[in-house]
Structure formats: C-alpha cells, structure tokens
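The values are calculated or read from the model by the stated rules, or taken from the named source; none is laboratory data. Worth saying up front: this structure is predicted, and the values here are computed from it rather than measured. FYI the Cβ positions are ideal-geometry reconstructions off the backbone, even for glycines, and counts take in every protein chain you see.
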Amino acid sequence: MAYSLTFDRLIGYDNGRSGIEVDVELRLSDAQVGFKAKIDTGASFCIFSREYGERLGIKIEDGFLKSFLTPTGSFQAYGHWVTLVVDILEFDSQVFFSREEGFFPNVLGRQGWLDRIQLAIVDHKGSLFVSGVDDA
C-alpha cells in the first residue's frame, strides 16, 4: 500500500554535517535572535543556550526550572514562552534555556516544534519537507 503526504515548504540542509541543522529565530516583544539548531526527534523539548534567552531580555532564572537526563549526564534549564520561527513556520512555544553557560548543541525537540509540524526527511538530498499541522 502506498501513502502520500503534501508539504508546504522544502528546507535544504547540509547533509555532510553531523545532525540536521536549521536556522532558528526566537522572538519576544521587539527583540529577536537567530542561530542554528539541530532537529532532535529524541529530545522531549526545545533547549537552547542561555545566551539566546538573555539576548531576548529574558531573566533566565525566572522561568520554569526543569531537570534533564541524557545518556552523557544531566543538566537544568528554565522554560519560557517565546515565538519560535523556522523558515516561514512560526509558533508560540515554551522553550528551555540552559542554566549554565555554553550549552551545546541547541535542539529543536518534540514539544514546541515537532508537535506543531508535519515533517519528512530525505537525508541523501539534504531535504526537509515541512508544513504546520494546521496546514497539513
């Protein structure tokens, strides 16, 4: 049985790099900051370096504190609501900013990103096909 999906956008990425990395923009009021983040289907949340939240004017420690456990250790991050933009897709999402400086890599996870889109990956071509779930 064959299946077909329809997508609104095609986003290219460099398939020669480690992971699937896309341009992300975060907005809060009149402030905005852009950077690259990896799509991580195993991450439960979107987690970014604290510097990006600070550049938006966020007091990081005023957010919702959450502990995260990974195969390589644990860390803490604070949740805040921002506007998350990738290409033309724009969502109000709760994202987390690391408690410590120098968090890497920035990741787009399930809640706040993957739960808001329809996604197909053709890795050998470096192609992401995406639509917002309301558009699909």
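Summary table
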| read-out | value |
| --- | --- |
| Condition broken by GLU90, with the remaining ones in (1) touching a residue at least 12 places away in the same chain (Cβ under 8 Å); (2) surrounded by fewer than 16 Cβ atoms within 10 Å (Cβ to Cβ); (3) over 24 Å from SER18 (Cα atoms); (4) within 13 Å of the chain's Cα centre (by Cα) satisfied | (1) |
| Those residues of segment 32-48 which are surrounded by fewer than 16 Cβ atoms within 10 Å (Cβ to Cβ), more than 14 Å from LEU114 (Cα to Cα) and not basic (Lys, Arg), in sequence order | GLN32, GLY34, PHE35 |
| Total residues in segment 100-122, condition assigned to a loop (DSSP other than H, G, I, E, B) and under 13 Å from VAL22 (Cα atoms) | 4 |
| Any hit, segment 60-81, residues being surrounded by 11 or more Cβ atoms within 10 Å (Cβ to Cβ) and not in a strand (DSSP E or B) | yes |
| Residue match in segment 18-31 (condition: touching a Lys or Arg at 6+ places or on another chain (Cβ under 9 Å), farther than 28 Å from ASP134 by Cα and at pLDDT below 95) | yes |
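Matching residues to (1) free of Cβ contacts under 8 Å to residues at least 24 places away in the same chain; (2) closer than 14 Å to TRP113 by Cβ; (3) in contact with a helix residue (DSSP H, G or I) (Cβ under 6 Å, 6 or more places away or on another chain):
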{"site": "VAL24", "(1), (2), (3)": "no, yes, no"}
{"site": "ASP30", "(1), (2), (3)": "yes, no, no"}
{"site": "ARG50", "(1), (2), (3)": "no, no, yes"}
{"site": "ILE58", "(1), (2), (3)": "no, no, no"}
{"site": "SER67", "(1), (2), (3)": "yes, no, no"}
